[in-house]
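Working notes, structure below.
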Amino acid sequence: MIKKILITVFIVLLSLFLLCIFVLYNFPYDSVISRIDTSLRNAYSVNLSVSNVRYRFPFKLVFEDVRLIGEGIPTTISTRVITLRPGLIGENVVVTGQGLRMNSEEIEVKGGSFTISSKLKLMRLRNEISPDAIESLNVKIDSAKMERVHLSGFEFSSFTIATALLSFKKGDENLRIEQGFVKSDLFTSEISGFYGSREVDILVTLKLTDRFFERYENLTGLVESLTDNEAIRFSIKGNTKRPTLNIESRPGI
């Protein structure tokens, strides 16, 4: 009797496993991507394109040549390969990517890898892409090559972001930053604030390294005019679609 029960349970589990594989293999991914593109375009003026989607045994999806193109703020973010898999404990969606690139008027990034782990309300995502569907979100970027950063009329080039981390958790109406930092050979920074579907309010506290002053010695005077307790603080505030960047720190403030 026990043997029959075990065989029955095994057959049921095997059938469910094969059904999941069949669904993943034959799922209409192009239609889903088109729907996500429409939602992003309507909500955030961002277009999404994916050249190819393929299934990888047992429960992974591989997206090739993924591109996000912003309309309001001309920005292109592309990734050569993205792998998505369901999480088993805590986060229910885990995404890893290789070959990250970003290009806009202010910044150009080449190379690097990233990991995004999130806890999502998947049923809510059926209606629209919104921060309301996110319970938690962790974004980590490693070894990104910064080709160019244009900030307040000055350009900085050829440095590496060793590690960047942003950890969000759902608040009352927005995603609050629980932990945020960036470590590079030119600076370190801490990030705080929140991001919402309509409004963003983020504060970045930046501390420059000795290597920065060695490479940009001519900017020492300017840096000192913007430094408060050896740190430069700037904010990103306003409408999510088109936020503004402002220098907040001043000596003595």
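Taking the inverse of the average 1/r across all pairs of different Cα atoms in the range 144-253, what Kirkwood radius in Å do you get?
Kirkwood hydrodynamic radius for the range 144-253: 15.1 Å.
Between A162 and V149, what is the spin-label point distance in nm, taking each point 7 Å from the Cα along the Cα→C-beta axis?
1.5
Whole angstrom only: what separates the Cα centroid of the range 44-71 from the Cα centroid of the range 187-253?
32
Of the listed peptides 59-67, 213-221, what is their order by residue-averaged count of other C-beta atoms within 10 Å, with the highest listed first? Numbers along the way, then the final one.
Working: 59-67: 15.7, 213-221: 11.6.
Sorting 59-67, 213-221 by mean packing, highest first, produces 59-67, 213-221.
Evaluate the range 183-227: find the radius of gyration of its Cα atoms, find its Kirkwood radius, and give the ratio Rg to Rh.
Across the range 183-227, the Cα-based Rg/Rh ratio is 1.14.
Every number here is computed from the coordinates shown, using simple stated rules; none is lab data. Keep in mind that this is a model prediction, so the values were computed, not measured. Counting neighbours? That spans all protein chains shown, and the Cβs are built from the backbone with ideal geometry, glycine included.
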